[in-house]
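Shown next, in structure tokens, is the structure this report addresses.
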Amino acid sequence: MGYISIQINKVKGSADTGASDHIERKTIPKNADPTRTHLNRELVEFPDGVSDRTEAISHRIRTAGIKRKITPGQVRAIRIVLSGSHEDMVRVQDEGRLGEWCDDNLQWLHRTFGRENTVSAVLHMDEHTPHIHATVVPIVTGERRKAKKKQADSKRTYRKKANAVRLCADDLLTRERLVAYHDSYAAAMAKYGLQRGIRGSEARHTTTAQYYRDLKRQTDELESNVQQLQTEQQQAEQQLDEVRQEVKSEKLEAAKTEAKAAFVAKVGSLLGGGKLKELEANNHTLQGEVAARDESIKLLQQQMQRQQEEHNRQLMELQVKHRREMADKETAHQEEVSFLKSIIQKAKKWFPLFQELVYMEKFCLKVGFNERQTATLISGKPLFYEGELYSEEHNRKFKTENAGFQVVKAPKDKSKLVLCIEGKPIGEWFKEQFNKLFSSVRRTVAPLKKGKGMEL
């Protein structure tokens, strides 16, 4: 049985553009697989006139009926990351239950924070583990907690309306509520084999920055292990040199002792046999000590050799493991790329206009339509639009008023697609608008030239 993963963070200030760029993949992080980004999807439908997460936050605050002034540093939104253990999320995906899992997460968000306050929820499939980035605007009603406390302390204060609408993240992020969020989310995810972790656990969703911090930490640890092994090797070699020097010294001292003994023996022959025997006994004792020292040195050398061999073996295993892991990741990546390329080739074969639709999507987004409007056009449905459209040829925007747009096959080449406005190719429409603008500018400039040099 796996564990749930829930991460809650405040968003201060007027915007959260960095998180929005990450969530909406306006910027692609290095830990994301671009070949799987198309599997990401928005689970919450934006209101009319709202095209992205940042606008959705502002729209909710603007339409909530808040009377109090919102300060610049006030928390405007709460970011929530919802997921589970990697193995369990992969299992849920393999079982075909990922859509059901997303629906249950969305229902939990609505029950916990309110449907209107849940302004965005995006499923990410291009990172290591499937997860949801949810955005909640902390709209609450009722008295502030400080006012209730003052009343409980019998302090006389001006009593405000109990049902006043406020923007207050602190009311939603108390310690008791955070614990309740984890408990209720675990209950909602129990059907997928996910349970609440141990309270106080530091397990978190791996952000882009954390991904790189972990990768750097693993690399540093590997380099540190290698450096440690090299240091130990140097120390062992130094110790071996010291032992060798000590052996040389011991042998030299032994030679000196033998020479002294020989000299004393000659002298002892002159002095008497008793003194000679005593010197011989001392010499024998010294030779025994030298032999014992030689044996200790030999054992130390053997131990150092075994230690060096063990260090080399560990270093080799670490290097082999690292190369194997990198090779496995590269192989898996190449397999995924090849699979996606084969799918794209089949799509081009089965759907002759597939590539044209891809080009048309990029063109519609570049002209100025949002993703939802572009999807309508790509599906072949008509779209009525009022606003400004960008012409790359003329490097400027032209305004249109509630005009009808539709993607159709090119009249002269049925294998091509063209975006039409009121039945006219948009390229021709751009030229007409530019000519009108140019003509109006000429009519304005001509009278000024005629009046040049007139006296008053």
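Residues of segment 69-84 that are small (Gly, Ala, Ser) and out of contact with any His (no Cβ under 8 Å at 6 or more places or on another chain): 73, 77, 84.
Restricting segment 401-415 to residues that are assigned to a loop (DSSP other than H, G, I, E, B) and out of contact with any helix residue (DSSP H, G or I) (no Cβ under 8 Å at 6 or more places or on another chain), the residue that is surrounded by the fewest Cβ atoms within 10 Å (Cβ to Cβ) is 412.
Every condition in (1) in a strand (DSSP E or B); (2) farther than 16 Å from residue 126 by Cα is met by residue 61 except one, and the failing one is (1).
Within segment 1-39, the set of residues being assigned to a loop (DSSP other than H, G, I, E, B), of a type in the set (S, T, N, Q) and modelled with pLDDT of 85 or more comprises 27 only. Candidates 361, 388, 317: the one that is in contact with a Ser or Thr (Cβ under 8 Å, 6 or more places away or on another chain) and part of a helix (DSSP H, G or I) is 361. All of (1) modelled with pLDDT of 90 or more; (2) more than 60 Å from the chain's Cα centre (by Cα) hold for residue 282 with one exception: (1).
The residues listed here are 98, 82; of these, the one that is surrounded by 20 or more Cβ atoms within 10 Å (Cβ to Cβ) and either modelled with pLDDT of 90 or more or of a type in the set (Gly, Ala, Ser) (or both) is 82.
Of all residues in segment 339-354, one or more are in contact (Cβ under 8 Å) with a residue 12 or more places away in the chain and farther than 14 Å from residue 35 by Cβ. If you check 398, 384 for being surrounded by 13 or more Cβ atoms within 10 Å (Cβ to Cβ) and in contact with a strand residue (DSSP E or B) (Cβ under 9 Å, 6 or more places away or on another chain), only one passes: 398. Here residue 88 fulfils each of the conditions (1) modelled with pLDDT of 90 or more; (2) within 28 Å of residue 186 (Cβ to Cβ); (3) assigned to a loop (DSSP other than H, G, I, E, B) apart from (3).
The values are calculated or read from the model by the stated rules, or taken from the named source; none is laboratory data. These figures come from a predicted structure and were not determined experimentally. Don't worry about glycine lacking a Cβ; one is built from the backbone with ideal geometry, like all the others, and counts go over all protein chains shown.
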